[in-house]
Every structure is written in C-alpha cells, then in structure tokens.
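What follows is a set of notes on a single structure, which appears directly below.
The values are calculated or read from the model by the stated rules, or taken from the named source; none is laboratory data. For clarity, every value in this text was computed on a predicted model and none was experimentally measured. Positions of Cβ are generated from backbone atoms using ideal geometry, with glycine treated the same way; all protein chains shown enter the neighbour counts.
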Ligand SMILES: [Zn+2]
C-alpha cells in the first residue's frame with residue numbers, strides 16, 4: 001500500500017490517499033480541498049496514477065476535515081463514510097465556517113456510518129475502524145493491521161494530542177481513547193498518520209508524548 005499526503009486548506013490539514021499499486025484501488029481520507037488549485041492537485045494525482053477511488057472517509061466532522069466533501073462526492077461519485085457521532089457538526093458546518101470567515105455550500109449527506117464493525121477492502125487489504133472520541137464524539141481511527149498503518153485524525157499528533165475545547169471534546173475521554181483503545185489494538189510498530197503535522201508511530205508516542213506520561 002502506498003500513501004500520498006496533501007496538506008490542504010487554511011488549517012494545514014492532512015488529506016491522505018491510501019492506495020494499492022497493483023490494482024490501483026484507493027480510498028481518500030478527509031479530502032478537504034478549499035481552493036481550486038487544491039482540488040486540481042488531488043484530481044491530477046488520481047488521474048496520473050490511474051487510481052480507482054472507492055471510498056471517501058472522514059476521520060471526524062470538523063470543518064477543516066469535511067469542507068471538501070462536496071468536491072470529492074461530485075468528482076469521485078463514491079460513498080462517503082463518517083461516524084454518526086459527528087453528524088451534528090455537518091448540520092452546523094456553515095456556522096463553523098462563518099466563524100472562521102469561510103463560506104462553502106452545505107456538505108452532502110453521509111452515505112454510510114462508520115462503527116467498530118465497519119470493514120472495507122482495498123484489493124485484499126482490510127481497513128477496520130475504532131471510535132476514539134475525545135477530540136469529537138465521532139472521531140475514528142482507520143486501521144490497516146496488515147501493513148500496520150493508522151490514520152488517526154486529530155486524536156494524537158507527534159508529541160501532542162488533539163484539542164478538546166471544541167463542541168463534544170473531553171480531555172479524559174481523549175486520553176482514554178489513546179491508551180485504552182488505540183494503543184490496545186495497535187502495537188509499538190504501527191505508524192500513525194495524523195490529521196495535522198508530521199507522521200509518527202505508536203512506540204515514540206507511548207514513550208515520549210508529554211500528554212501521555
Ligand atoms: Zn478536528
């Protein structure tokens with residue numbers, strides 16, 4: 001499996017395309033392109049690599065992660081997945097956007113709700129999901145156990161954690177999600193691809209993340 005990262009929108013959010021080189025099957029995670037140039041960079045990449053994007057996945061419902069859902073739905077025409085716990089954020093996303101001085105059309109509805117039993121296939125590679133609330137109620141980690149890669153949204157960052165002062169956030173719940181959910185199913189050798197900043201791994205964060213010691 002290969003990973004292509006795009007840093008998008010005024011929030012420097014990480015969008016990932018996760019794809020199988022042999023079959024060209026792919027998923028796109030948080031395709032939050034804000035400008036036409038950002039949209040073009042995603043379209044150019046998927047076209048030049050001949051990718052067959054099968055699913056659009058949202059790690060959670062904050063606007064910096066969902067503001068490209070319209071673009072992605074219109075362009076890829078495939079199902080959009082998100083956890084139901086964050087659906088209320090789609091309903092107030094226009095207010096969220098205005099708060100940041102942004103404007104964008106109403107996001108499209110979610111096609112399929114993610115829960116802990118959801119399983120998606122990319123040419124034989126299984127993606128599984130765990131609900132890891134704390135940053136938001138419906139935050140999820142997207143896990144490929146075969147290749148030991150985790151797309152963890154804004155749950156945990158390199159040497160940091162997601163903010164917990166937004167609607168539905170809770171620090172104790174977030175720390176518990178990291179220690180008792182993510183670290184329970186993902187050993188030290190798993191890579192972590194967060195929603196902002198650089199990638200890291202379970203071992204480094206377990207040993208040196210100041211919020212977890
Ligand atoms: Zn967020």
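Quick test of your reading of the structure: residue 150 fulfils all but one of (1) over 18 Å from residue 209 (Cβ atoms); (2) buried (at least 21 other Cβ atoms within 10 Å of the Cβ); (3) touching a strand residue (DSSP E or B) at 6+ places or on another chain (Cβ under 8 Å). Name the failing condition by number.
(1)
Examine segment 141-154 for a residue that is within 13 Å of the ligand (Cβ to nearest atom) and over 20 Å from residue 5 (Cα atoms), and state whether such a residue exists.
The answer is no, given that none of the residues of segment 141-154 is within 13 Å of the ligand (Cβ to nearest atom) and over 20 Å from residue 5 (Cα atoms).
For the list (1) at pLDDT below 95; (2) buried (at least 20 other Cβ atoms within 10 Å of the Cβ), I need the number of the one condition that residue 213 fails.
Only one criterion in (1) at pLDDT below 95; (2) buried (at least 20 other Cβ atoms within 10 Å of the Cβ) is unmet by residue 213, namely (2).
Given (1) under 17 Å from residue 12 (Cβ atoms); (2) loosely packed, with under 13 Cβ neighbours inside 10 Å; (3) within 16 Å of the ligand (Cβ to nearest atom), where does residue 197 come up short, assuming only one miss?
Condition (2) is where residue 197 drops out.
Which one is farthest from residue 51 (Cα to Cα), of the residues in segment 110-120 that are under 17 Å from the mean Cα position of the chain (by Cα) and free of Cβ contacts under 8 Å to residues at least 24 places away in the same chain? Full working, then the answer.
Within segment 110-120, the subset under 17 Å from the mean Cα position of the chain (by Cα) is 110-116, 118-120.
Restricting the remaining residues to those that are free of Cβ contacts under 8 Å to residues at least 24 places away in the same chain gives 116, 119.
Numbers: 116: 27, 119: 20 Å.
Among those that are under 17 Å from the mean Cα position of the chain (by Cα) and free of Cβ contacts under 8 Å to residues at least 24 places away in the same chain, it is 116.
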